[in-house]
Structure formats: structure tokens, C-alpha cells
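Notes follow the structure.
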Amino acid sequence: MEQDKSYDRAMNMALRLLAVRARSVKEIRAKLADKGVDGPVLEKVIEKLLDLNYLDDAEFAGQWTRHLAFNLLYGDRRIEASLREKGVPEEIIRRSISENREELDEKAALRRILNKKIKGLNAQNLDRKLKARLARMLAGRGFSTGLIYEALRNPQEDNE
């Protein structure tokens, strides 16, 4: 009887978390453990959520990658780090990024950010200080140094 109450409580917590946004198995496991859900009940809840297809790391990775790539215009490195932190397996991460980059590749995302940041400025005459600041900002968003260097060398180029 006590086991049923704790299972129902844990399942309700998990469903509330999933109602807000999709989550990885690792995230749900960590959240429930933080709330004091013990091992056997926790595993039973995870198993049930997986059976119901409420938890699916591949689906979650696709949604999360799409959000980071299209809405926040993050680079592949930042997306990969975020998914790895959420416990998504490497193979799923690679597949998710490559599928989402078919629509808006990393170079186009970088160009979009750069064009937005230098709008109204003469792109040919950006000073070193501004280029360094832009490079730091782009690196923080997860773009590779090579892509950043190439884009800052020819900032007026529009590849969209």
C-alpha cells in the first residue's frame, strides 16, 4: 500500500515535469531522486514512462537540438555539450545535430547572428576590438574557431 502511494506520487511528479517540456531519462531520474524518490520506485516510474513513450531520448534530443539551433542560433559544440549534460548518448547527439543542420547549417546560423550584430556598420571596416568581441560571443555560442575566423574575414558575405 505504501509502495503504491510513493509510486503514484513519483509518477505524478514525473508527469508534471514532462508537461512543462520534454526531458531526457537522466533529467527525470535526477529530478525524482532529488525529490526523495527511492531506487525501486524510481526505476519502476522510469520503466513505465519509457513503455508509454513519454520518455524517449532520441525524440527529446531532436526537439532540444531544434530549439537551440533555430531559436537560439547555437553552434554545434554548444548543442552537443547541452545534450551531453542532459545524459543523451553520443550516437543520438550526432544524429540529432546532423538531421537538424540539414535545414539551417551551422555556417548560416553564424552568418545570421553576425549580420544581426553588425547591422548598420560598414562590414569591411570592423576594427580589431569589435572583431575580437564578436569572436568571443560566437565562441560562447558554440561555433568553431575556423567558422568564426572565416565569417569575420568576410563579414559582408551573405550565405542565407
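Points worth noting:
- Axis angle, to the nearest 10 degrees, between helix 25-34 and the longest C-alpha principal axis of the chain: 60 degrees.
- Net charge of the neighbourhood of E80, taken over other residues with C-beta under 10 Å away and scored Lys/Arg +1, Asp/Glu -1, is +1.
- Once the Cα-Cα distance is subtracted from the 0.36 nm per residue extended length, the E91 to R16 segment shows a gain of 24.2 nm.
- Of the solvent-accessible surface of the chain, computed with a 1.4 Å probe and all protein chains present, 48% belongs to carbon and sulfur.
- Calculated FRET value between L52 and Y149, using beta carbons and R₀ = 45 Å, to 0.05: 0.40
- Fully extending the segment from K26 to A132 would add 34.4 nm, taking 0.36 nm per residue of separation and subtracting the current Cα-Cα distance.
- Cβ-defined net charge surrounding R128, 14 Å radius [Lys, Arg +1; Asp, Glu -1]: +4
- Measuring r between the beta carbons of R84 and D8 and using R0 = 30 Å, the FRET efficiency lands at 0.35.
The values are calculated or read from the model by the stated rules, or taken from the named source; none is laboratory data. Just so it is clear, the model here is predicted, and its values are computed rather than measured. Neighbour counts are summed over all protein chains in view; Cβ atoms, including those assigned to glycine, are modelled from backbone coordinates with ideal geometry. Protein only, heavy atoms only, side chains kept; ligands, DNA and RNA dropped before computing areas. Shrake-Rupley method; radii C 1.70, N 1.55, O 1.52, S 1.80 Å.
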